1. Taking only the range 1-20 into account, find how many residues are part of a loop (DSSP other than H, G, I, E, B), open to solvent by 80 Å² or more (accessible area, probe 1.4 Å) and over 18 Å from Ile50 (Cα atoms).
2. Could you look through the range 39-90, keep only residues that are part of a helix (DSSP H, G or I) and polar (S, T, N, Q), and pick out the one that is nearest to Ser104 (Cα to Cα)?
3. Please indicate, with yes or no, whether at least one residue in the range 91-98 is of a type outside the set (Val, Ile, Thr) and outside any loop (DSSP other than H, G, I, E, B).
4. Quickly run through the range 21-60 and pick out the residues that are loosely packed, with under 12 Cβ neighbours inside 10 Å and basic (Lys, Arg).
Amino acid sequence: MRTLQYYDEIGLLKPAKVTGAGYRLYDEESINTLQQILLFKELEFPLKDIKRIMENPSFNKKESLSRQKTLLKAKRDRLNRLLDLIVRLEQGETYMSFKEFDLSEYIEALEQFKNEKSEEVIKHWGSIENFNQFIQK
């Protein structure tokens with residue numbers, strides 16, 4: 001899989017072992033790391049930010065999963081609202097609302113994280129400004 005090769009090249013996910021034939025073998029720890037990477041990617045974190053976050057000595061997987069769950073729930077809720085809108089539009093409803101496109105719940109979760117964990121934000125992103133740029137994206 002080319003993605004795993006790329007992750008290895010950039011130092012994001014190293015295989016547990018490489019065979020003489022060049023096959024990368026992954027152990028349970030590697031698979032757990034890959035899951036963490038994929039969760040960050042689902043939240044549209046750039047690979048360089050994922051690497052920086054996961055390499056930080058203060059990275060806490062349990063806390064990270066909790067924050068990711070909050071953000072993914074906000075994303076899911078927004079997508080559900082958009083799907084409901086599509087169903088109504090398919091049924092011929094003329095619906096003039098744009099609340100389904102609202103990202104405020106997702107952004108609110110990111111802002112709450114920033115406010116509660118400013119030291120962690122600075123450690124991971126280098127500064128509050130860098131984190132704010134991520135939120136704006």
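1. Adding up the residues that qualify gives 2.
2. Thr70
3. no
4. Lys48 - this is the single residue of the range 21-60 that is loosely packed, with under 12 Cβ neighbours inside 10 Å and basic (Lys, Arg).
Okay, residues lined up against (1) open to solvent by 80 Å² or more (accessible area, probe 1.4 Å); (2) modelled with pLDDT of 80 or more; (3) more than 18 Å from Gln68 (Cα to Cα):
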| position | (1), (2), (3) |
| --- | --- |
| Leu85 | no, yes, yes |
| Arg88 | no, yes, yes |
| Gly92 | no, yes, yes |
| Ser97 | no, no, yes |
| Asp102 | no, no, yes |
| Tyr106 | no, no, no |
| Glu111 | no, no, no |
| Lys114 | no, no, no |
| Ile128 | no, no, yes |
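The values are calculated or read from the model by the stated rules, or taken from the named source; none is laboratory data. In this text, all values refer to a predicted model and were calculated from it rather than measured experimentally. Don't worry about glycine lacking a Cβ; one is built from the backbone with ideal geometry, like all the others, and counts go over all protein chains shown. To get the accessible areas, we keep the full protein, side chains included, count just its heavy atoms, and leave off ligands, DNA and RNA. Shrake-Rupley method; radii C 1.70, N 1.55, O 1.52, S 1.80 Å.
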